[in-house]
1. Name the residues in the range 232-256 that are within 12 Å of ligand 1 (Cβ to nearest atom) and not polar (S, T, N, Q), would you?
2. Restricted to the range 21-38, and to residues that are touching a residue at least 60 places away in the same chain (Cβ under 8 Å) and outside any loop (DSSP other than H, G, I, E, B), which residue is nearest to K152 (Cα to Cα)?
3. Take the residues in the range 63-101 that are crowded, with 18+ Cβ neighbours inside 10 Å and in a loop (DSSP other than H, G, I, E, B); name whichever of them is farthest from ligand 1 (Cβ to nearest atom).
4. Looking at the range 4-16, is at least one residue surrounded by 19 or more Cβ atoms within 10 Å (Cβ to Cβ), over 14 Å from the mean Cα position of the chain (by Cα), away from ligand 2 (no atom under 16 Å from the Cβ) and in a helix (DSSP H, G or I)?
5. Taking the range 102-133 as the search range and keeping residues that are under 30 Å from the mean Cα position of the chain (by Cα), aliphatic (A, V, I, L, M) and not in a strand (DSSP E or B), which one is nearest to V185 (Cα to Cα)?
6. For the range 194-216, check the following and say yes or no: at least one residue is among the hydrophobic types (A, V, I, L, M, F, W, C) and over 30 Å from R33 (Cα atoms).
7. Hey, can you tell me all the residues within the range 281-303 that are closer than 21 Å to C252 by Cβ and polar (S, T, N, Q)?
8. Which of the helices (runs of 4 or more DSSP H) contained wholly in the range 154-255 include at least 3 residues that are of a type outside the set (V, I, T) and farther than 28 Å from K67 by Cβ?
Amino acid sequence: MKLNKLSNPFPTVGYYGHEYFCDRQNETSHLIRNIENGNSTTIISIRRIGKTGLIHHVLGQLPKGWKGIYIDILSTENINEFLNNLATSIIQSIPQKSSLGKKFWNFIQSLRPVISFDSLTGAPQASFDISIKKTELNIKFVLQFLDSQDFKTIISIDEFQQILNYPEKNTDAWLRSIIQQLKNVVFIFSGSQQHIMTEMFTSPNRPFYRSTQFLKLEKIDIDIYADFIVKQFKKYNKQIDLQIALEVIEWCNIHTYYVQQLFNRIFSGTNTNVTKEIWHQQANELLNEQETIFINYRNLLTNSQWKLLKAIAIENRVLTPTSKDFISKYNLGSSAALLRSLDSLRKYELVYSEFDTNGKIYYSVYDVLFQQWCKGKILLN
Ligand SMILES: Nc1ncnc2c1ncn2[C@@H]1O[C@H](COP(=O)(O)OP(=O)(O)OP(=O)(O)O)[C@@H](O)[C@H]1O
Ligand SMILES: [Mg+2]
């Protein structure tokens with residue numbers, strides 16, 4: 001795919017090819033190795049680290065003899081919409097005029113969907129208006145059709161945890177039973193709700209238990225990221241010192257989405273050389289813009305939840321939230337009440353838990369900007 005040069009080399013949504021994508025070489029090789037060996041993979045990480053980007057990156061460099069299909073099922077609400085999404089991705093993934101494209105079209109049309117065309121892009125879209133039984137059968141036909149081709153297929157299903165919200169019962173069990181029979185189709189599953197995704201694939205009572213390999217996506221190495229940033233500026237005839245790039249990435253907790261977001265701003269706010277003043281100003285502006293959202297957190301939460309959220313934000317990482325020191329430092333009340341608040345904050349996806357390098361569980365807030373806002377703005381010099 002030939003893409004036009006972006007006016008800003010730090011996109012904050014979507015995937016625009018390897019030129020705008022930092023590293024992930026090991027993860028890409030790992031995924032390609034799994035694909036070649038016929039192993040499906042589940043990608044797990046905290047939010048906004050780069051799972052979706054990585055999937056697109058891998059699909060863009062599949063080995064010979066493989067075709068890739070990507071579906072994001074976040075907006076689907078039942079298996080009928082799942083089928084529509086899958087069929088649409090299939091007909092969009094291969095040019096209709098090629099001989100393979102014709103074969104795909106003929107097959108999808110044999111299932112009698114309504115085909116419409118997107119008014120803006122002209123891209124074809126398939127939708128079915130059929131019973132649940134027929135829908136299940138059609139999904140099976142589609143997967144078996146792909147399985148019977150003389151090439152192999154990798155299907156990536158993003159936001160996979162969404163199938164648990166479908167009103168049809170046991171969609172996961174039923175889907176797993178079909179997938180199990182496929183010989184030429186390999187899957188990548190991913191989803192932004194880490195705890196649900198982990199549950200789906202690691203609990204013995206779940207249909208997808210141990211059905212895939214795991215890839216835990218960590219933060220990008222800070223030195224590699226800083227190097228990438230410096231090079232991106234250079235490509236556009238602008239300049240940033242390695243030291244400043246490192247400072248900014250550190251300020252963003254090396255969290256991909258926030259790093260991209262802040263550099264997008266710093267890049268557009270710089271004509272030649274990034275100074276400390278420029279990055280501080282851009283960071284403060286970003287915090288000012290988000291202030292309404294942060295204040296709204298306070299309105300949505302109980303007082304104890306709000307106090308705990310701020311305390312975790314200021315601490316960066318909390319290893320033992322029920323420790324006396326932590327509780328008294330932030331005046332957080334009883335440990336039982338604190339644990340209840342912690343549970344709610346995790347459910348609201350404001351706080352996540354991870355294991356540190358010593359295997360100890362810790363808690364952090366998701367929103368890096370909120371964290372910096374709690375710590376106070378950077379003093380402009
Ligand atoms: N390796 C990378 N280099 C540069 N930018 C990246 C990289 N990976 C991801 N991004 C950017 O970071 C942002 C977040 O990435 P992405 O959407 O892939 O994360 P995610 O883990 O799928 O998030 P979610 O958990 O919300 O689904 C996107 O804007 C994407 O363009
Ligand atoms: Mg994603």
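The values are calculated or read from the model by the stated rules, or taken from the named source; none is laboratory data. Only a predicted model underlies this, so the values are computations on that prediction, with no experimental measurement involved. All Cβ positions, even for glycine, are placed from backbone atoms using ideal geometry, and neighbour counts span all protein chains on display.
1. Once the filter is applied, which keeps residues that are within 12 Å of ligand 1 (Cβ to nearest atom) and not polar (S, T, N, Q), the range 232-256 yields I249, C252, I254, H255.
2. From the range 21-38, those touching a residue at least 60 places away in the same chain (Cβ under 8 Å) are 22-24, 27, 30-31, 34-35, 38; that's our starting set.
Of the ones still in play, those that are also outside any loop (DSSP other than H, G, I, E, B) are 27, 30-31, 34-35.
Details: E27: 21, H30: 18, L31: 15, N34: 13, I35: 10 Å.
Per the stated criteria, the residue is I35.
3. The extreme case among them is T76.
4. Within the range 4-16, none of the residues are surrounded by 19 or more Cβ atoms within 10 Å (Cβ to Cβ), over 14 Å from the mean Cα position of the chain (by Cα), away from ligand 2 (no atom under 16 Å from the Cβ) and in a helix (DSSP H, G or I).
5. I108
6. If we filter the range 194-216 for residues that are among the hydrophobic types (A, V, I, L, M, F, W, C), which is where we start, we get 196-197, 200-201, 208, 214-215.
Narrowing further to those that are over 30 Å from R33 (Cα atoms): none.
Checked against the condition, which is being among the hydrophobic types (A, V, I, L, M, F, W, C) and over 30 Å from R33 (Cα atoms), the range 194-216 yields no hits at all.
7. If we filter the range 281-303 for residues that are closer than 21 Å to C252 by Cβ, which is where we start, we get 281-294, 297.
Residues satisfying the conditions are Q281, Q282, N284, N288, Q290, T292.
8. On the way: elements: 171-179, 194-202, 222-235, 242-251.
Correct list: 194-202, 222-235, 242-251.
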